[in-house]
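Here the structure is laid out as structure tokens; the discussion comes afterwards.
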Amino acid sequence: MPELPEVETMRRGVAPVIGSQIEKAERPPCKCRPILMQPRIDAFDRRVQGKTIAEIGRRGKRVMITLDDAQVIVIEPRMTGLVLLADPPGEQHLRLRLHLSGGPSEQLLFWDRRGLGTVRLLRPSEIKTVVDDKLGIDALQISVQQLRDALGQSRREIKVALLDQSAVAGIGNLYAAEILFVAGVDPRARCDKLTGPQWIRIQSAIGIVLHDAIKHEGSTLSDGTYRNALNKSGGYQNYHRVYDRAQTMCRRCREGEIQRIVQAQRCTFFCPKCQRKSGLHESVDLL
Ligand SMILES: [Zn+2]
């Protein structure tokens, strides 16, 4: 958390500052352990001062801010990071402030309570090794064939494999569980045992779940950390089908009880009636 839908919501929320000029980059005083920032703030400031924000994109779970000289500020929120234009949840965890002019907002902020997020300023020549080589195709763009090429030979369980950012970029623990429920696939099924129709269902479910979550501006969990760029909660937590619903009745079949298991140290939620390893069960509607 945050995953692709939350980071995409952040990207859309700060997109109005495209065209703004960066007056100064500042690291607000913070008593917490500093976040990883490259280069250090003085060099960072020197390199971005006077530059215009040309584009704000997303790569997997990273916000990519491209400047008019082709340098890119890569912000990875990791566990609790937020990219905002105003109203951070608290001043004490503010990690970076870009003072802006010539646009609708005077600042762009990176806030991070736990401080596991990272901010990197990259030259065009560094993008390939620092970003592209580490990430698979974006989850919103991957085709069935590309998904099979990336994971089809793997002996890992499908739920664990979907979290591998070098295979497919953007899916994390929460959405992997939701995706496999919508696809009707058991999270413990081994990738190399999945059938062609199951891969088709998984790829369709990726699109359905992620687009739906973006429409609701992501999920704000009980810790309340994730906010959109205007500091409002997301709404998709109200639509979760299995995530954090252990021991409740499945909303789809109204028979199965949602199970919570642990895979590779992460919790997984699924319905044993709707999600079977064989894929041989009453067809699950892809909505
Ligand atoms: Zn069910």
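Listed values, structure above:
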{"read-out": "Inter-label distance for Val262 and Gln146, nm, one decimal - labels placed 7 Å from Cα along Cα-to-Cβ", "value": "3.5"}
{"read-out": "Loop trypsin sites (Lys or Arg not before Pro), the range 40-97 (other Cβ atoms within 10 Å of the site Cβ: 13 or fewer; DSSP)", "value": "Arg40"}
{"read-out": "Residue-count net charge about Val209 - beta-carbon cut-off 10 Å; Lys, Arg +1, Asp, Glu -1", "value": "-1"}
{"read-out": "Length gained when the stretch Lys24-Lys128 is fully extended (0.36 nm per residue, less Cα-Cα span)", "value": "34.8 nm"}
{"read-out": "More than 27 Å apart - percent of Cα-Cα pairs taken over the range 4-134", "value": "8"}
{"read-out": "FRET efficiency for Lys31 and Ala86, using Cβ-Cβ distance with R0 set to 30 Å, rounded to 0.05", "value": "0.85"}
{"read-out": "Helical mean residue ellipticity (222 nm; -39500 (n - 2.57) per DSSP H run of 4+; nearest 500) of the chain", "value": "-6500 deg cm²/dmol"}
{"read-out": "Against the rule of thumb 2.2 N^0.38 Å, how large the Cα Rg of the chain comes out", "value": "1.06"}
{"read-out": "For the range 215-265 and the range 62-126, distance of Cα centres in Å", "value": "27"}
{"read-out": "Length added when fully stretched, Glu255-Ile200, from 0.36 nm per residue minus Cα-Cα", "value": "17.2 nm"}
{"read-out": "Per-peptide average of other Cβ atoms within 10 Å, ordering 172-184, 9-21, 261-273 highest first", "value": "172-184, 9-21, 261-273"}
{"read-out": "Approximate spin-label separation Ile41-Leu221, in nm, with each point projected 7 Å along Cα-to-Cβ", "value": "3.0"}
{"read-out": "Eligible lysines near Lys134 by straight Cα distance, threshold 20 Å, same-chain separation 8 or greater", "value": "Lys61, Lys159"}
{"read-out": "In the range 192-285, GluC sites (Glu not before Pro) in a DSSP loop with at most 15 other beta-carbon atoms within 10 Å", "value": "Glu255, Glu282"}
{"read-out": "For Arg62, distant residues with modelled amide H under 5 Å away", "value": "none"}
{"read-out": "Loop-resident sites, the range 151-256, for trypsin sites (Lys or Arg not before Pro), counting at most 14 other Cβ within 10 Å (DSSP)", "value": "Arg155, Lys232, Arg254"}
{"read-out": "Table column - 3J(HN,Hα) (Hz), the range 64-81, Karplus curve with 6.51, -1.76, 1.60, x for Gly and Pro", "value": "10, 9, 8, 9, 5, 9, 6, 5, 10, 8, 9, 10, 10, x, 6, 7, 10, x"}
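Throughout, read-outs are computed from the coordinates displayed, never taken from laboratory work. The shown structure was predicted, so the numbers you read here are calculated from the model rather than taken from an experiment. All Cβ positions, glycine included, derive from the backbone under ideal geometry; neighbour counts span all protein chains shown.
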